[in-house]
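Engineer: Right, I'll just put the structure down here and ask away after.
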Amino acid sequence: MNKAWGGKVGLSGAGLAALLIAGPALAKIKPSVETQVRLGYDSNPFLQSGNDLASGYAGVTVTPKLSAATGKGEVSLIGHYDRTEYFKTYDGTDQYGAELEARQALSQKLTVFGGLRYDHSVIGQDDDVVSGAAPIDDTDINLIGSRARINTYSGSAGFAWQATPKDTVTVDGGYTASRYEDRPAGSNNDNYGGRIGYQRAISAKTKLGISGSAYRIDYDTPGLHSMVIQPNVTFSTQLSPRWQFDGSIGVSFTTIDLPVGPNDKSTGIAGEANLCHKGSKNTFCLFASRSVSGSGFGGTTRRSQAGFNFDQRLSEKLSLNAGGSYARSASLSGLLPLREYVSGHVGLSNRFARNLTVGIQGQYRDVFGTGLPVKADYGAEINATLALPGPK
């Protein structure tokens with residue numbers, strides 16, 4: 001899925017039902033739940049301007065999951081709830097959401113996929129999470145410091161068709177609604193569109209293809225919307241048994257309809273690159289991308305971002321992890337100020353039992369741009385994670 005038109009995987013309820021009906025009876029159901037408790041300190045937990053911003057905090061996160069294998073696919077339901085209590089200055093915060101995902105092979109050549117997602121979060125809090133192959137923070141950096149709450153609803157569906165042993169066609173489309181609390185009119189937006197791609201294996205390790213996407217962003221300001229068309233060339237290759245590279249490069253053509261005055265048009269480079277190493281004791285990923293997206297300030301921006309993550313097993317039970325990200329948001333119509341955001345973290349974790357891990361982590365975050373100066377956030381925490389039933 002193209003990050004620019006939502007960044008979250010989703011699907012309509014009817015589509016999910018079709019996935020389940022099309023597949024065989026559920027063969028194996030796996031329930032699990034992960035609970036983490038945290039105790040820490042942040043010098044500026046919401047990246048605001050002003051004085052006397054620091055506070056200690058205690059928090060708990062609960063992540064239940066229910067997955068079901070269908071023999072040719074999987075359906076999973078994942079929820080999350082986070083509660084953080086601050087010792088001074090701030091009220092407690094709640095963040096929560098749920099995601100339903102499904103993937104099913106209908107035949108040897110055709111696979112369908114999709115999901116539904118809902119998230120309620122506070123922008124600027126804990127927005128530096130980096131994980132997986134794409135360690136990118138997709139928060140709206142134009143709103144960092146506002147403590148704005150956002151409700152995100154998204155849905156999409158798609159399929160992959162193996163036309164020949166070397167040729168694959170992928171089609172997907174979707175919709176994302178962003179609804180802000182305590183924000184002025186013009187902040188809410190609807191983002192919908194789709195993508196079609198073709199990829200051919202030119203060798204046992206390398207694939208080359210093309211793709212095209214189109215999406216529209218509608219704001220709740222009358223007469224304000226954007227249309228983005230983006231063709232890409234895609235490339236994927238296994239550099240070695242442990243190194244994998246995936247990337248795309250193309251052009252974004254953006255038309256912005258304004259309530260007053262002539263329309264704005266913009267053309268720019270777009271794409272992404274992902275380089276990952278998976279070793280027996282470590283993983284390392286580099287990621288970068290450039291795309292067009294909407295903002296809760298009511299404008300359309302070109303977002304450039306890059307990041308990395310690193311995990312190293314130091315012993316059978318002790319592991320080191322680190323990560324960082326950078327994002328730059330530039331308005332296409334001049335309605336928004338230029339903003340940049342950086343974050344980084346490093347930590348150690350030790351598995352004391354099969355399902356109990358205790359860790360310590362330090363972090364740094366900062367945001368730059370016009371407006372009131374923002375003080376950087378320096379923080380540290382100790383945490384304990386209990387996973388049930390836990391890894392085998």
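What follows is calculated from the coordinates using simple rules that are stated; it is not laboratory data. Given the structure is predicted, the values throughout are model-derived calculations rather than measurements. When we count neighbours, we look across all protein chains shown, and the Cβ atoms used for this are built from the backbone with ideal geometry, even at glycine.
Engineer: Could you pull out the GluC sites (Glu not before Pro) across segment 248-348 that fall in loop regions by DSSP (anything but H, G, I, E, B) with no more than 14 other Cβ atoms inside 10 Å? Numbers along the way, then the final one.
Structural biologist: Numbers: sites: 272, 316, 340; in loops: 316.
Passing sites in segment 248-348 are 316.
Engineer: By the scheme Lys and Arg +1, Asp and Glu -1, what is the net charge of all other residues having a beta-carbon under 14 Å from that of residue 105? Write down the numbers at each step before the final one.
Structural biologist: On the way: positive: 72, 103, 109; negative: 74.
Result for the neighbourhood of residue 105: +2.
Engineer: Under 8 Å for C-alpha pairs, at least 6 residues apart: give me the relative contact order for the chain, rounded to a whole percent. Working shown, then result.
Structural biologist: On the way: 1150 pairs, mean separation 57.1, N = 392.
RCO, the chain: 15 percent.
Engineer: Mind scanning 72/278; 30/207; 72/207 and naming the pairs with a C-alpha gap bigger than 28 Å?
Structural biologist: Correct reply: 30/207.
Engineer: Still on this structure, I have one more. Counting other C-beta atoms within 10 Å, and keeping those with at most 15, which DSSP coil trypsin sites (Lys or Arg not before Pro) do you find in segment 85-123?
Structural biologist: In loop regions of segment 85-123 (DSSP not H, G, I, E or B), the sparsely surrounded trypsin sites (Lys or Arg not before Pro) are 88, 109.
Engineer: Can you give me the convex hull volume of the Cα atoms of segment 30-86, divided per residue and expressed in Å³?
Structural biologist: Each residue corresponds to 88 Å³ of Cα convex hull volume.
Engineer: How about segment 219-292: which trypsin sites (Lys or Arg not before Pro) there are in a DSSP loop, with at most 11 other Cβ atoms within 10 Å of their Cβ?
Structural biologist: Details: sites: 242, 265, 278, 281, 290; in loops: 242, 281.
Here the trypsin sites (Lys or Arg not before Pro) that fit, given the DSSP loop and packing criteria, are 281.
Engineer: All other residues with a Cβ under 14 Å from the Cβ of residue 314 taken together, and with Lys, Arg as +1 and Asp, Glu as -1, what is their net charge? Spell out each step's value before the answer.
Structural biologist: Details: positive: 281, 313, 317, 351; negative: 311, 316.
Result for the neighbourhood of residue 314: +2.
Engineer: Could I ask something else about it? With a 10 Å cut-off between alpha carbons and a GNM built on the chain, which of 240, 156, 213 moves the most?
Structural biologist: Maximum among the listed residues: 240.
Engineer: By how many nm would the segment from residue 32 to residue 67 lengthen if fully extended, with 0.36 nm per residue of separation less the alpha-carbon distance?
Structural biologist: Contour length minus the Cα-Cα distance gives 11.7 nm.
Engineer: In whole Å and largest first, what semi-axes does the C-alpha gyration tensor of segment 311-385 yield when each eigenvalue is scaled by 5 and square-rooted?
Structural biologist: In descending order the semi-axes read 36, 13, 9 Å.
Engineer: For residue 219, what is the net charge nearby, where nearby means another residue's Cβ is under 15 Å from its Cβ and Lys, Arg count +1, Asp, Glu -1?
Structural biologist: Here the count lands on -3.
Engineer: May I ask for the Rg/Rh ratio of segment 159-230, computed from Cα atoms with Rh as the Kirkwood radius, given to two decimals?
Structural biologist: With Rg and the Kirkwood Rh in hand, the quotient comes to 1.21.
Engineer: Aspartates and glutamates within cross-link reach of residue 88: Cα-Cα under 14 Å, excluding same-chain residues under 8 positions apart?
Structural biologist: Excluding near neighbours in sequence, the set is 42, 52.
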